[in-house]
Amino acid sequence: MARKRYRTRIDPPERVTVTLGDAAFEGGTVAHDQEEVIFVDYGIPGEKVAVDLHSKRAGVKLGRVVEVFTPSEDRIDPPCEYFGRCGGCQLQHMTYDRQLLLKQQIVVDQLRRIGSFDDPPVSPTLGAENSWGYRNHVRFTAKRRGEIGFVERGTHRFLRIDHCLIADDVINDSLTKLQGRCGGLHQVAFRLGVNTGEMLVHPDLSEIDSTIPSGQKFYHEELLGHRFRISGASFFQTNTRQAERLIELVRDRLDLSAEDVLVDAYAGVGTFAVILASEVSRVVAVEESAAAVDDAMINIAESPNVQYYRGKVEDVLPDATDRADALILDPPRQGCHARTLDTVIRLHPAKIAYVSCDPSTLARDLRILVDGGYSLKDVTPVDMFPHTQHIECVASLRL
């Protein structure tokens, strides 16, 4: 279980002037004031800035830029009126090209610091063709007086949102219709099939606005020509266009053949299993979520060479197959269970693609796999979440 990181407020805030150093894991930068380490939000490495220190935790102080004395050439005016208050985006103050470089450097730093890779093979970040309007899944908080919005960063205060620049236009159109009319609700969640036009909206809003379809049990999305059913409780990538590029990257890294047995661990609703089934002899898929497996049973109907197992990967995988030529690992943020990695090393698939949404746990797990006999060939960050601190990666390993 991850250790909780408790914060203590600094009240009133302390103001210091510092020169910002390297990018930090959670989207900020690292600075030093005498012997103290500071994590600074809304800065860019190399800038001289004034920072208000508002809290501290685990021996470091936390602050945010309040004045820039020597701005980076990559600093821009954030286009969103809520930036700096809303907790959704952390990087709108820098050019998109600089965001991509920053995310690549964070991955390099995590692989060096946590994974002990001296010269990690990290490719340039695969940027989004459109860095705005990409989110197909947004959950809003509703207030008693009917307004909907988000929670301010670092607080529990409500922030009304009338237009989210990273949300799909279809979701923003629904937001406009509902704003100020959602009294009595706690949350309103939207999920959109970008390639199908279908929506899943919870809760049922028919008494508020009958023009917005709502209360569905599932919706459909299409990726690379394949149709998927997704229930409300099932995970699905929030950036449809980048999800397709990520799948193509995994396909390229695995270089599958018709004789291969492919293991798809943490298989979700069957995205990889379905799309890659025609390229291999057999797919063995493992997924813990009951809702996702129910969806997958529908999604694999035309893929008879896919075998699906429900359960925790660390429990099911050891007995699911005695052969694996290629393997996809796509775990949640906490990474793979130690027993899963032990089983992978025992199965010794020749090719592994590890898809990760957390560079720190990726670095930890890659070290275990490399110590178990694998060679790390490449790590490519994929920018699934432009303008935010989040980083997706595809790592390629070979025996």
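The values are calculated or read from the model by the stated rules, or taken from the named source; none is laboratory data. Given the structure is predicted, the values throughout are model-derived calculations rather than measurements. Reconstructed Cβ throughout: ideal geometry from the backbone, glycine too, with neighbour counts over all protein chains shown.
Within the range 246-263, if we keep just the residues that are of a type in the set (D, E, K, R) and crowded, with 19+ Cβ neighbours inside 10 Å, the residue that is farthest from Pro332 (Cα to Cα) turns out to be Asp260.
If you check Leu223, Leu200, Leu262, Leu256 for being under 22 Å from Trp132 (Cβ atoms), aliphatic (A, V, I, L, M) and in contact (Cβ under 8 Å) with a residue 24 or more places away in the chain, only one passes: Leu223.
Exactly one residue out of Lys177, Lys143, Lys103 is within 18 Å of Ile212 (Cβ to Cβ) and not aromatic (Phe, Trp, Tyr), and it is Lys177. For the condition surrounded by 16 or more Cβ atoms within 10 Å (Cβ to Cβ), without any contact (Cβ under 8 Å) to a residue 40 or more places away in the chain and of a type in the set (Val, Ile, Thr), what is the one hit in Thr388, Thr361? Selected residue: Thr361, the only one of Thr388, Thr361 that is surrounded by 16 or more Cβ atoms within 10 Å (Cβ to Cβ), without any contact (Cβ under 8 Å) to a residue 40 or more places away in the chain and of a type in the set (Val, Ile, Thr). Of all residues in the range 227-247, those that are within 14 Å of Glu392 (Cβ to Cβ) and free of Cβ contacts under 8 Å to residues at least 60 places away in the same chain total 3. Are any residues in the range 346-362 over 19 Å from Thr380 (Cα atoms) and touching an Asp or Glu at 6+ places or on another chain (Cβ under 9 Å), and if so, which ones? The answer is Leu347, Pro349, Ala350.
One residue alone among Val250, Val274 is in a helix (DSSP H, G or I), more than 21 Å from the chain's Cα centre (by Cα), assigned by TED's automatic domain parsing to the domain that holds Lys377 and among the β-branched types (Val, Ile, Thr), and that residue is Val274.
So that you can scan it fast, the table gives a plain yes or no per residue for (1) within 27 Å of Tyr219 (Cβ to Cβ); (2) touching a His at 6+ places or on another chain (Cβ under 8 Å); (3) among the β-branched types (Val, Ile, Thr):
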| residue | (1), (2), (3) |
| --- | --- |
| Gly268 | yes, no, no |
| Val283 | yes, no, yes |
| Arg323 | no, no, no |
| Leu327 | no, no, no |
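Scanning the range 211-221 turns up no residue that is within 18 Å of the chain's Cα centre (by Cα) and not charged (D, E, K, R).
Just for the range 24-39: of the residues that are aliphatic (A, V, I, L, M), crowded, with 22+ Cβ neighbours inside 10 Å and at pLDDT 90 or above, which one is nearest to Val68 (Cα to Cα)? Across the range 24-39, the extreme among qualifying residues is Ala31. Among the residues of the range 259-292, the ones that are aromatic (Phe, Trp, Tyr) and at negative phi come to 1 in all.
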